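Colleague: Below: one structure in structure tokens.
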Amino acid sequence: MKEHNTTVIENPEKSFPSSPHPIVTRIEAIRRCLRESIGLPFASLLPEEVLEETLKAEKISYRKRLFCPIVTLWTWLSAVLDPDKSCKKALARVIAYLAATGQEIPSTHTSAYCQARKRLKAIGVLRLVRKTGENLHHQSPPQWLWCGRRVVVVDGETLLLADTKENQQEYPQHKTQKKGCGFPIARIATLFGLSTGAVIDAALSSLKTGEVNLFRQFYSHLQPGEVALGDRMFGSYADISELARRGVDSVFRLHGRRKCDFRTGKRLGHLDPLVMWQKPKQCPPGLSHKQFEPLEATVKVREVRFEVKQKGFRTKQVTLVTTLLDSKAYPASALGQLYRLRWQAEISLRHLKTRMQMEFLSSKTPDMARTMSTC
């Protein structure tokens, strides 16, 4: 690898020549402008040292060019927050920053920026998402916690992609649509902290993979002592038992196929019994035998039912299942309030998707779709 045209990630500053090359000067100028951008606090949320650590972990080296990975990512994030997400607008912002500092103006053609954006790897961007999300999640002040516990919320949505052959192969359109009459569709699952709203992890897949299986990919990012919150599709015996084994409590809405009898079990309060669930005799769909066999034979849970009396809510009764067994520390009213916060989080996710115009991703390849969804 030639030293005059390659920057080593370990210590890029020392690899610069004593007399800075013009392209190096422009890179530093654009980095400084993006760092100091009022509308996007890069310096505090996504500092250069974090980006370079990620590049080093991914074993990525880059040449001394204007759109190095750091500048490219910052420029892309700026574009994501702009109503006009075009490459032309993103490049215009970079040119304006350079012009303001008296630097040489690059070509107005967008090919260099677009090619640099394609070189960004989805796994590297996802690593940054996880790092920043976990930092924010674990730094939230005590007064933001629920009953002194950190809560993570899991939810999913769908995204439409550009109708290309590559996207159709990996993210085929819905099976009810005739061929050529629909767009490729992808399922995205997100795990985010309830107190901050920061995304801790995300996964993109075709509709063939359910949200529950995507949620199971997030297990490694859950910490003992946290509380997992989700809707009824996550409230299966397998997930509750596995989370409990990892030291993670759960609060899910009771699955529609499971019936509860409030006349059985130890009564902790009105419509609040403590019951014992038995392990299913057969391995459920979507779960491998390797995952199913280690599960405990029984798991102790609370089944809590409360009424929704607020005007405008269609659902009148909600039944929750939780491993938070202490009714004094976690009363039924607090569990009801927590589940309502989950609904607000779901609304916020849909609003975010609409507000940032992410219902449709214009990416023409699956790789770019994964990177764009992560950004």
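The values are calculated or read from the model by the stated rules, or taken from the named source; none is laboratory data. On a predicted model such as this, the values are computed, not experimentally measured, just so you know. A quick note on method: Cβ atoms are made from the backbone with ideal geometry, for glycine too, and the neighbour counts reach across all protein chains shown.
Colleague: Could you check the range 194-213 and list, in sequence order, the residues that are farther than 22 Å from SER363 by Cα and out of contact with any Leu (no Cβ under 7 Å at 6 or more places or on another chain)?
Modeller: Correct list: GLY197, GLY210, GLU211, VAL212, ASN213.
Colleague: So, in the range 139-148, exactly how many residues are surrounded by fewer than 17 Cβ atoms within 10 Å (Cβ to Cβ) and either of a type in the set (S, T, N, Q) or in contact (Cβ under 8 Å) with a residue 40 or more places away in the chain (or both)?
Modeller: 6
Colleague: On to the next question. I'm checking my understanding of the structure. Among residues of the range 271-286 that are part of a loop (DSSP other than H, G, I, E, B) and in contact (Cβ under 8 Å) with a residue 60 or more places away in the chain, which one is nearest to THR319 (Cα to Cα)?
Modeller: Only one residue fits best here, namely LEU271.
Colleague: Additional query: Only residues that are touching a strand residue (DSSP E or B) at 6+ places or on another chain (Cβ under 9 Å) and aromatic (Phe, Trp, Tyr): list them for the range 255-298, please.
Modeller: Passing the criteria: PHE262, TRP277.
Colleague: Just one of the numbered conditions (1) in contact with a helix residue (DSSP H, G or I) (Cβ under 6 Å, 6 or more places away or on another chain); (2) at pLDDT 85 or above is not true of VAL152; which one?
Modeller: (1)
Colleague: Can you pull out every residue in the range 72-116 that is touching a residue at least 60 places away in the same chain (Cβ under 8 Å), crowded, with 19+ Cβ neighbours inside 10 Å and under 18 Å from THR365 (Cα atoms)?
Modeller: If the condition is that a residue be touching a residue at least 60 places away in the same chain (Cβ under 8 Å), crowded, with 19+ Cβ neighbours inside 10 Å and under 18 Å from THR365 (Cα atoms), then TRP76 is the only one that fits.
Colleague: Hey, among ARG305, ARG253, which residue is more than 29 Å from the chain's Cα centre (by Cα) and at pLDDT 90 or above?
Modeller: From the options ARG305, ARG253, the qualifying one is ARG305.
Colleague: Kindly provide the set of residues from the range 151-162 that are assigned to a loop (DSSP other than H, G, I, E, B) and within 24 Å of GLN217 (Cβ to Cβ), ordered by number.
Modeller: Across the range 151-162, there are no qualifying residues.
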